[in-house]
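These notes concern the structure reproduced below.
The values are calculated or read from the model by the stated rules, or taken from the named source; none is laboratory data. Please read all numbers here as calculations on a predicted model, not as lab measurements. Reconstructed Cβ throughout: ideal geometry from the backbone, glycine too, with neighbour counts over all protein chains shown. Just so you know, the surface numbers come from the protein's heavy atoms only, side chains and all, with ligands and any DNA or RNA stripped out. Shrake-Rupley method; radii C 1.70, N 1.55, O 1.52, S 1.80 Å.
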Amino acid sequence: MGETDSGSITVLGLDPGSRRTGWGMVREASGKLSLVAAGVVATDAKTDLCVRLGRIFTELAKLIHEHRPAEAAVENVFVSQNIMSALKLGQARGAAIAACAHLGLPVSSYEPSLVKKSLVGGGRAEKGQVAFMVGRMLNVRLDDLKLGLDATDALAVAICHLNQRRLTRLTRQAGLAQ
């Protein structure tokens, strides 16, 4: 599922939110990244939270079934001063992770600062800077795609995961060579 004999792999990146959950699929083949698909699962803030969480789960499960990624990566919850917002965000994250787990997809988690550092070089980068680098790394004009920042943040999480996978693989190889 998602990984081929040729060494290419497709990763689903997730930027969870109770109103807007960004998602992005990135494929890496021979060290080259490419955009597979991206978008947002949008829910109505007036709808009961349980219904919104169900929609996040259902829509992500459909995407996973359709695109067959090999792995998923999700951004960790950013702790805010509003406890209710943080709880809703955590529940949306849980619905997204549950959709992945339900379909047997391994999930890795990343701090927002690591995602930003991985793409931009600094952990306090603005969303616009992250989106710019996502476009550069995927060789696409994001303005033409009209993805929005939730989707570009999700693509950034997928790219971060692929970078971490590559780093882990190289570290293991270097350890075996000594």
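Summary of computed values
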item	result
Enumeration of residues in the stretch 69-100 that are touching a Ser or Thr at 6+ places or on another chain (Cβ under 7 Å), outside any helix (DSSP H, G or I) and surrounded by fewer than 18 Cβ atoms within 10 Å (Cβ to Cβ)	ALA70, ASN76
Filtered residue count, the stretch 17-34, keeping only those that are open to solvent by less than 50 Å² (accessible area, probe 1.4 Å) and at pLDDT 95 or above	10
Residues that are hydroxyl-bearing (Ser, Thr, Tyr) and more than 20 Å from LYS32 (Cβ to Cβ), drawn from the stretch 138-178	THR171
Some residue of the stretch 105-124 being loosely packed, with under 13 Cβ neighbours inside 10 Å and touching a strand residue (DSSP E or B) at 6+ places or on another chain (Cβ under 8 Å)	yes
The stretch 135-151, residues that are within 17 Å of ARG20 (Cβ to Cβ) and either of a type in the set (A, V, I, L, M) or loosely packed, with under 11 Cβ neighbours inside 10 Å (or both)	LEU142, LEU145, LYS146, LEU147, LEU149, ALA151
Qualifying residue in the stretch 121-133 (condition: farther than 21 Å from LEU89 by Cα, touching a residue at least 60 places away in the same chain (Cβ under 8 Å) and in a loop (DSSP other than H, G, I, E, B))	no
Check on LYS127, surrounded by 16 or more Cβ atoms within 10 Å (Cβ to Cβ) and basic (Lys, Arg)	no
